[in-house]
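Asker: Can you keep this structure in mind? I'll have questions shortly.
Each reported figure results from applying straightforward, stated rules to the coordinates on display, with no laboratory input. Owing to the predicted nature of the structure, the values given are computational and were not obtained by experimental measurement. Here the Cβ positions follow ideal geometry from the backbone for every residue, glycine too, while neighbour counts run over all protein chains shown.
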Amino acid sequence: MDLSRTPEEEEFRTRLRTWLAAVLPTLPARPSPDDWPGRRAYDLRWQRMLYDAGYADVHWDASPTVRMIFLEETERAGAPYVGANFVGLLHAGPTIAAEGTADQRARWLPPILRGEQVWCQGFSEPDAGSDLASLRTRARRDGDHYVVTGSKIWTSHAEVADWCELLVRTDPAAPRHRGITWLALPMDAEGVTVRPLRTLAGSAEFAEVFLDEVRVPVANRVGEENDGWRVTMVTLSFERGTAFVGEVVACRRVLGELASAARENGRWDDPVLRRRLGRLDAEFRALWRLTQWNVSEAEANGGVPGVGGSVFKLRYSHARQELYDAAAEVLGPDCLDLDRPWVLDRLSSLSYTIAAGTSQIQRGIVAERILGLPRGR
Ligand SMILES: Cc1cc2nc3c(=O)[nH]c(=O)nc-3n(C[C@H](O)[C@H](O)[C@H](O)COP(=O)(O)OP(=O)(O)OC[C@H]3O[C@@H](n4cnc5c(N)ncnc54)[C@H](O)[C@@H]3O)c2cc1C
């Protein structure tokens with residue numbers, strides 16, 4: 001892994017920093033956390049600004065070092081993160097780039113980069129979460145269409161999505177992993193019903209999606225029919241390996257804010273809290289190094305992250321929870337006030353050890369595929 005900075009990379013940093021300083025003050029106020037149409041508009045507008053300035057494809061095409069510089073600088077400047085279209089930008093888009101045909105890449109990738117379309121992920125079902133290969137949403141072939149019937153759950157941002165990366169069962173007779181196909185589903189197709197689900201924090205950030213005889217053109221299939229499990233592994237490697245990297249930089253910023261707040265409200269005098277924040281600082285520095293290693297490894301692997309993504313996902317999701325528990329300690333009784341900084345983030349941090357594959361599942365992957373331990377029953 002070579003992450004030394006060339007003059008061109010330092011020039012990229014300076015140019016980006018100057019651009020951010022000029023454009024960020026022109027952005028409107030951020031919409032409230034539960035205003036999903038407003039958040040969609042805000043996030044797509046920011047993506048369009050990145051596109052016009054030539055930064056839109058940094059997550060896909062830039063070298064690891066340039067990508068890291070981009071994340072460091074945007075976070076340092078307090079720029080918006082990818083937001084409502086994280087599926088499109090961070091895993092559906094990269095999957096289509098890696099597995100789609102030339103026509104599919106030309107059809108779907110430019111609108112994602114230009115901030116015109118939002119994607120969601122239709123993988124989980126009521127009876128298929130950790131054991132994703134047991135999914136039952138059925139797609140039957142009818143000429144040049146698939147006719148899809150079934151239901152999905154926990155579909156983040158489905159309410160404001162234009163497209164869905166959808167897993168369907170195309171061959172019920174085949175062994176479970178061999179009868180699955182990856183489709184791009186237009187969310188406005190006839191027969192698609194979205195029913196929002198409200199979280200502990202009161203936000204409708206995800207939904208149930210019901211599919212009733214939905215006709216999806218065969219041209220929307222990414223990969224071969226019944227080869228969807230392999231394509232899914234590509235999607236999940238992006239989701240676990242590189243989709244969270246920008247958040248590590250944000251966590252390091254929050255850690256600095258916690259130290260400042262503790263100094264102001266007197267909690268800094270507590271040596272146990274200071275030690276806790278110090279240990280978290282070391283943890284996030286180590287995670288940043290691991291991130292660099294994973295991104296660098298992905299570059300060497302044709303852009304697709306490897307199994308190291310599971311190590312990162314496992315450690316990062318727990319560190320994030322510990323960070324916001326430390327925030328509660330700094331806040332004291334105010335940690336029960338949802339309007340205080342970090343309180344909603346603390347609630348949502350609980351979901352990190354479940355979303356994108358639970359910690360138990362990541363431990364199983366690390367045990368079998370990295371440590372070479374025997375398969376669990
Ligand atoms: C915030 C959030 C956003 C999400 N967004 C999406 C989305 O956009 N699209 C989507 O498709 N899904 C999404 N999900 C769903 C997520 O992928 C699933 O919740 C996750 O895969 C776990 O599946 P499950 O909820 O069915 O739990 P289950 O699989 O039923 O697991 C229940 C418990 O059993 C444990 N367990 C299960 N199998 C094993 C095993 N083999 N070994 C050890 N322990 C095991 C699990 O770790 C867990 O503790 C989201 C989830 C969250 C929390």
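Asker: What is the distance in Å between the Cα centroid of the stretch 184-206 and that of the stretch 325-377?
Answerer: Taking the Cα centre of the stretch 325-377 as reference, the centre of the stretch 184-206 is 24 Å away.
Asker: Rank 99, 264, 329 by mean-square fluctuation in a GNM of the chain with C-alpha springs under 10 angstrom and give only the top-ranked residue.
Answerer: So, out of 99, 264, 329, the one fluctuating most is 264.
Asker: Let me ask something else about it. Based on a Kirkwood Rh over C-alpha pairs, give the Stokes-Einstein translational diffusion coefficient of the stretch 1-129 at 25 °C and viscosity 0.890 mPa s in µm²/s.
Answerer: Once the numbers are plugged in, D ends up at 153 µm²/s.
Asker: Can you give the calculated 222 nm mean residue ellipticity of the chain, where each DSSP H run of n ≥ 4 adds -39,500 (n - 2.57) and the sum is split over every residue, rounded to the nearest 500 deg cm²/dmol?
Answerer: One gets -15000 deg cm²/dmol as the mean residue ellipticity at 222 nm.
Asker: What number, in percent, do you get for the relative contact order of the chain if the mean sequence gap of Cα pairs under 8 Å and at least 6 apart is divided by its residue count?
Answerer: Computed value for the chain: 13 percent relative contact order.
Asker: Dipole of the chain (Lys/Arg Cβ +1, Asp/Glu Cβ -1, origin at the Cα centre): which of 117, 201, 84 lies farthest to the positive side?
Answerer: In the chain, that residue is 201.
Asker: Taking 4 °C and 1.567 mPa s as the conditions, I'd like the Stokes-Einstein D for the stretch 120-225 in µm²/s, using the Kirkwood hydrodynamic radius from alpha carbon pairs. Mind showing how you got there, number by number?
Answerer: Values: Rh = 13.8 Å.
This corresponds to a translational diffusion coefficient of 94 µm²/s.
Asker: Continuing with this model, one more query. As a test of understanding, state the convex hull volume per residue of the stretch 192-238 from its alpha carbons, in Å³. Present the calculation step by step, with values, prior to reporting the outcome.
Answerer: Details: hull volume 5.7 nm³, N = 47.
With only Cα atoms used, the stretch 192-238 gives 121 Å³ per residue.
Asker: With springs connecting C-alpha atoms under 10 Å apart, model the chain as a Gaussian network and identify which of 87, 118, 218 has the largest mean-square fluctuation.
Answerer: The residue with the greatest mean-square fluctuation here is 218.
Asker: To continue, here is another question. I need the per residue convex hull volume for the chain, using only the alpha carbons, in cubic angstrom as a whole number. Each step should come with its number before you reach the end.
Answerer: Values: hull volume 57.7 nm³, N = 377.
Dividing the Cα hull volume of the chain by its residues yields 153 Å³.
Asker: What translational diffusion coefficient, to the nearest whole µm²/s, does the stretch 244-370 have by Stokes-Einstein, given a Kirkwood radius computed over alpha-carbon pairs, a temperature of 10 °C and 1.306 mPa s viscosity?
Answerer: Calculated translational D: 102 µm²/s.
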